[in-house]
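Here's the structure, in structure tokens; my notes come after.
No lab work stands behind these numbers, since they all come straight from the coordinates. Given the structure is predicted, the values throughout are model-derived calculations rather than measurements. Note that each Cβ is placed from the backbone with ideal geometry, even for glycine, and that neighbours are counted across all protein chains shown.
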Amino acid sequence: MRNLLKIITTLCITNTYAQDKVVLDSVSHKNLEEVVVTATRNERKLGTLPMPVTLISQKQIKSMGSLRLNDVLGEQTGLFIQNDHGQGVQIQGFSPDYTLILLDGEPLVGRTAGTLELSRLAVGNIKQIEIVKGPSSSLYGSEALAGVVNIITEKPNATNGSLSMRYGTNQTSDLAGSLSFRRDKLGLNLFVNRYQSNGYDFTPDVFGATVSPFQNYTFNPKLSYDFSSTLKFSISARYFTENQENNFLVGKDKVSGNGNVNDWNLNPVLRYSINEKIKATARFYTTQYRTNATLNYQKDAKVYDETFFIQNFQRPEIQIDYAMNTKHNFTFGVGKIWESVEATRYDDIKRFETIYGFMQYENTQFNHLNLTIGGRFDAHSAYQSQLSPKFSLAYELSPKITLRGSVGVGFKAPDFRQLYLNFTNAVAGYSVFGTQEITTGIARLQAEKQIAELLFDVNKLGELKAESSLAFNVGGTINLDNSLKININAFRNDIDNLIQTQAIARKTNGQNVFSYLNLNKAFTQGIESEISKQLSVNNQAFTVSVGYQFLEAKDKEIVEKLERGEVFRRNPETFQTVRVKPSEYEGIFNRSNHSGNFKIFYENSKSHVTASLRGIYRSRYGFADFNGNSIADTDDEFLQGFMTWNIAISKTFKEKYRLQTGIDNAFGFTNPERIPNLAGRLIWVSLGVNFEKKKKS
């Protein structure tokens, strides 16, 4: 223990363990260059990419003891888990709506209210996670305005398998198994997972839990077959199902029921190498997301509410990769998307169609310079066509210093709810209509004598435009020696045509009628820095890292009003009205100006012991507007800064049995009212076994 403390005190502070290029499987580790595919849609070494990319390895995920995708992403520099109709990820100050989530390069659907629920995704069969920060619409289209998270699962490249089980606080259990088979041209892989929890309750004196009990299952089979060295076929599928109990109060009445989520996809891929220079890839991806829930009053079993939501998505695509020579590479692609939604809150089935094409050119002709130029054109059935160009470059200033820069355009299309929603809350009494439904909706409510006053001329709403951003990323990597690495990236995003909710009319019951319009402009800017240091002594290997992000995210209209002295607040005690100073505006809600993480990963190759200690910090951020001036500017409107610590330790026996235990949120930080998804201290233990077919001697 004394030697361990001495070693730790000699280490410097640092970057994310995910981007380390050192494999610590033994003390005599060596540098390896990781390969990623998300940033350019083809395999490229991480160190040569001209845009900011984070790679999270399977090794790191296992060392953390993480079970779901939100657990993994929440510990990365510049990423935050935001709870808004589900747990989504915030990147460079953008809400979860603006980040595209991919599974093996294909988009996941099911954003019923904008956020894609990350806890739907188990991580037991993940090979690596690739995160591209900044707009990636030049390759991926809508929803990639803030960036892309690509979850890459294991391929059937060997004959092996594993079983694991875990149990912890709140009677949370996880059972997972994987089986992989490879023989000659045929490969098979199957991953199965069962995850369940009894939930938890911060307010036991109130009917209904903070998080209700649930259980879910994931099935993920893969098959690959190599017809020849030039023609290869693969097909993967995923099926997810979850059941959750629901109990809550409506006034003084108790309401109970069950909700169900089903999510499946199918992804056949055919790859053909025409010659040494040209490779063609054909895909046909199809997926469906479905939810339904029935709620009944407990007193008489009468139906309180019945809802359903069904989203379908199909996309054929052809991609051509052309390597003119070792210095010039081209990527071309065309595809079409059919997307539909049928739900309780829509009058009928709503459909979108998109035809798109993209192109990318990579040039490494000049010494130490990597130049990438690309763009994508989307022709959509419901909004104006979009052109999304991007320009990136990386320059190797010296063997130890690489500079990077990129400028690109991202966009996010209006979604189904913003165009076609037709919903009235039966309890609260308010109504929400999409822009295609608002005229008819207002007319119907007027005919029913439900409108007391019009607040906005619906004729001024106009056609809803896609939100767009112009983004700059500038930074670089410094490798001072074989084990000390510094990553820095500065970014600026200017966003136009932000879609916001607008009160259109006041109803006779005192509630409002809402719709959507393009109005606000905003910006996010900041800097991220990550430093990592690695050291090995005898049989022990360490990685220590520190990450930090400074973020400023503000509404431009509010900034202008503050500068003109047009924003006020009223003191609730003295009733005195005062002008808000520009310096008192800290930014858009739920954005921390400062955040960071501190991590130590340890491995002893002789005793087969690994351990990790990870701390995650967020400074205070605006939570709500209590004084009606649309910003957080008084202390009670902020959630104060906090830090959580996670610990995990494991030991492997006989090279195949693995015992691991850990504590998430070790000091039990909670804020039931404002962060209900933070459950408190979670203690867990897991046992796993790996087995593989022995090679014949």
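Using a simple spin-label model with pseudo-atoms 7 Å out from Cα toward Cβ, Gln171 and Glu453 lie 5.2 nm apart. Convex hull volume of the C-alpha atoms in the range 77-189, normalised per residue: 133 Å³. Seen against the Cα atoms of the chain and their longest principal axis, helix 438-447 is set at about 30 degrees. Shape analysis of the range 139-209 places it in the oblate category; the axes a ≥ b ≥ c from the Cα gyration tensor give an a/c of at least 1.5, with a/b not above b/c. Of all stretches in the chain that contain no GluC sites (Glu not before Pro) in a DSSP loop with at most 15 other Cβ atoms within 10 Å, the longest one is 44-275. Each residue of the range 646-662 was assigned a 3J(HN,Hα) from its phi angle through the Karplus expression (A = 6.51, B = -1.76, C = 1.60, θ = phi - 60°), giving 10, 10, 8, 9, 9, 9, 9, 10, 6, 6, 9, 9, 10, 10, 9, 9, x Hz with x at Gly and Pro.
With K and R counted +1 and D and E -1, the other residues having a Cβ less than 13 Å from that of Ile616 yield a net charge of 0.
Note on Phe330 and Ala237: the model spin-label points, each 7 Å out from Cα along the C-beta direction, lie 3.8 nm apart. Converting phi to 3J(HN,Hα) with the Karplus coefficients 6.51, -1.76 and 1.60 and the offset θ = phi - 60°, the range 87-102 yields 9, x, 10, 9, 10, 6, x, 8, 5, x, 4, 9, 10, 7, 9, 10 Hz in sequence order, with x at every glycine or proline. Looking at the range 306-378, the trypsin sites (Lys or Arg not before Pro) that sit in a DSSP loop and have at most 16 other Cβ atoms within 10 Å of their own Cβ are Lys327. Partner lysines whose Cα lies under 21 Å from the Cα of Lys254, excluding those fewer than 8 positions away in the same chain, are identified as Lys299, Lys302.
Within the set (i) 41, 30, 29; (ii) 44, 37, 21; (iii) 97, 26, 21, the number that semi-axes √(5λ) of the Cα gyration tensor in Å takes when calculated for this structure is listed as (i).
Ordering Asn629, Asn690, Leu69 by Cα displacement along the dipole of the range 2-692 toward the positive end leaves Asn690 in first place; charges were set at the Cβ atoms of Lys, Arg (+1) and Asp, Glu (-1). Mean sequence separation of contacting Cα pairs (under 8 Å, at least six apart), scaled by the length of the range 504-578, corresponds to a relative contact order of 24 percent.
Could you tell me whether the range 357-443 comes out rounded, prolate or oblate from its Cα gyration tensor? Rule is a ≥ b ≥ c as square roots of the eigenvalues, rounded for a/c under 1.5, then prolate if a/b exceeds b/c, otherwise oblate. Write down the numbers at each step before the final one.
Numbers: a/c = 7.00, a/b = 2.95, b/c = 2.38.
It is prolate, given that a/c is not under 1.5 and a/b is the larger ratio.
Each Lys or Arg adds one and each Asp or Glu takes one away; over the other residues whose Cβ falls under 13 Å from the Cβ of Ser224, this sums to +3. Karplus-based coupling profile of the range 513-523, in residue order and whole Hz: 10, 10, 8, 10, 7, 7, 9, 6, 10, 8, 9, with θ = phi - 60° in 6.51 cos²θ - 1.76 cosθ + 1.60 and x standing for Gly or Pro. For chymotrypsin sites (Phe, Trp or Tyr not before Pro), the sites in the range 189-275 that DSSP calls loop and that have at most 12 other Cβ atoms within 10 Å are Phe227. Based on the Cβ-Cβ distance of Asp496 and Glu342, what FRET efficiency does E = 1/(1 + (r/R0)^6) give at R0 = 35 Å, to the nearest 0.05? Here the calculated transfer efficiency is 0.65. Measuring r between the beta carbons of Ile320 and Thr652 and using R0 = 35 Å, the FRET efficiency lands at 0.20. The mean sequence distance of close C-alpha pairs (under 8 Å, at least 6 residues apart), as a share of the length of the chain, puts its relative contact order at 12 percent.
Give the residues of the range 644-675 whose amide nitrogen is closer than 19 Å to a point set 7 Å from the Cα of Asn539 in the direction of its Cβ. In the range 644-675, the label zone of Asn539 (backbone N under 19 Å from the point 7 Å along Cα→Cβ) covers 649-660. Spin-label model, Gln215/Leu397: points 7 Å from Cα along the beta carbon direction are separated by 5.8 nm.
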